[in-house]
Amino acid sequence: MSIEEQYRTRAKELLSGGAVKMVIGYGKGTTPSRRRPLFITSPDDVERLMLDDACITNLSGYLVSEGLLSDEKRVAVFLRPEGIRAVNILAAESQLDAEQIVIFGFDVSGNEVQALKGIHVEEFSDVIRSIKEGAPEADEEELFEKIEKMSPQERFSFWQEEFAKCIKCYACRQACPMCYCRRCIVDSNQPQWINTSSHSLGNFEWNIVRAFHLSGRCVECGNCDRACPVNIPLRLINHRMAEEVLGAFDHFAGMSKTQEPVLASFKKDDSETFIL
Ligand code: SF4
Ligand code: SF4
């Protein structure tokens with residue numbers, strides 16, 4: 001039985017027995033190579049679930065959509081390792097109760113789909129540890145290395161050019177599981193902190209503010225740069241910030257559901273007394 005069939009069977013059992021009220025997974029997209037999120041509530045619909053190498057979107061953000069978990073019922077969700085890390089962060093930031101989440105874990109290597117053993121977030125700690133210690137994806141690393149070799153001025157020009165393309169559509173924010181604020185700072189206009197029109201200063205402000213907001217929280221799922229209509233390599237900025245946070249604080253985001261947020265917690269004996 002293929003992994004897709006195994007997970008369909010499991011989804012059917014969970015929905016039929018009332019163990020979960022919904023399964024969030026992947027279904028047919030607009031082209032043969034695309035998948036779109038599917039929200040299944042009836043056991044009769046599980047045949048619509050798909051699982052293959054085109055299932056790349058991190059679906060964890062749907063878990064914090066308004067009211068979904070407020071009835072304390074369980075929801076099952078298809079997640080790759082990045083998505084499981086995101087669930088840990090959302091739990092650590094009190095956005096969801098990890099007990100309500102049933103994970104259909106999977107990973108893709110080449111075009112091979114592998115099932116990940118476990119159901120609850122804590123059962124995937126070895127998988128998450130292996131990402132922390134593993135090498136980044138080759139296609140991403142090439143551009144990353146190129147940017148790293150640039151002088152500060154060249155790097156500044158590179159990002160200036162990239163951010164100049166931004167049209168302030170906020171698709172990156174909408175696609176990001178870590179951007180769950182009910183009201184984003186960019187939507188506030190009294191006072192208006194960030195320019196909403198798309199010009200150099202406002203674009204820089206928006207992208208830099210977002211990068212800082214994601215520091216120590218981004219799971220590098222790539223939802224943002226896949227959503228960006230002008231192809232700004234957003235994940236690279238967040239990858240750089242993740243490296244900084246790992247080096248400075250030995251913090252790899254999403255290791256566990258009890259991991260303290262690195263930039264939103266402090267210790268009373270912290271030598272930097274300004275914080276108190
Ligand atoms: S910033 Fe981008 S890569 Fe990071 S968690 Fe959000 S969507 Fe994923
Ligand atoms: S998705 Fe791209 S174009 Fe849209 S706001 Fe984000 S960076 Fe700008």
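The values are calculated or read from the model by the stated rules, or taken from the named source; none is laboratory data. All of these numbers come straight from a predicted model, not from anything done at the bench. Glycine also receives a Cβ, built like all others from the backbone with ideal geometry; neighbour counts cover every protein chain displayed.
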Item checked: Residues of segment 6-56 that turn out to be free of Cβ contacts under 8 Å to residues at least 24 places away in the same chain and either part of a loop (DSSP other than H, G, I, E, B) or in the same structural domain as Pro177 (by TED's automatic domain parsing) (or both), as a count -> 7
Check: Is it fair to say Met241 is surrounded by 13 or more Cβ atoms within 10 Å (Cβ to Cβ) and outside any loop (DSSP other than H, G, I, E, B)?
Finding: yes
Check: In segment 211-231, how many are in contact with a helix residue (DSSP H, G or I) (Cβ under 7 Å, 6 or more places away or on another chain) and not in a loop (DSSP other than H, G, I, E, B)?
Finding: 5
Item checked: Residues being more than 7 Å from ligand 1 (Cβ to nearest atom) and modelled with pLDDT under 95 - total across segment 218-230 -> 1
Margin query: For segment 211-235, give me the residue count where each residue is out of contact with any Asp or Glu (no Cβ under 7 Å at 6 or more places or on another chain) and not polar (S, T, N, Q).
Written below: 15
Next item on the list: Identify all residues within segment 151-200 that are touching a residue at least 60 places away in the same chain (Cβ under 8 Å) and away from ligand 1 (no atom under 16 Å from the Cβ); write none if there are none.
Entry: Lys165, Ile167
Check: Among the residues of segment 64-77 satisfying the criterion of being surrounded by 11 or more Cβ atoms within 10 Å (Cβ to Cβ) and either more than 14 Å from Leu15 (Cβ to Cβ) or acidic (Asp, Glu) (or both), which is modelled with the lowest pLDDT?
Finding: Ser65
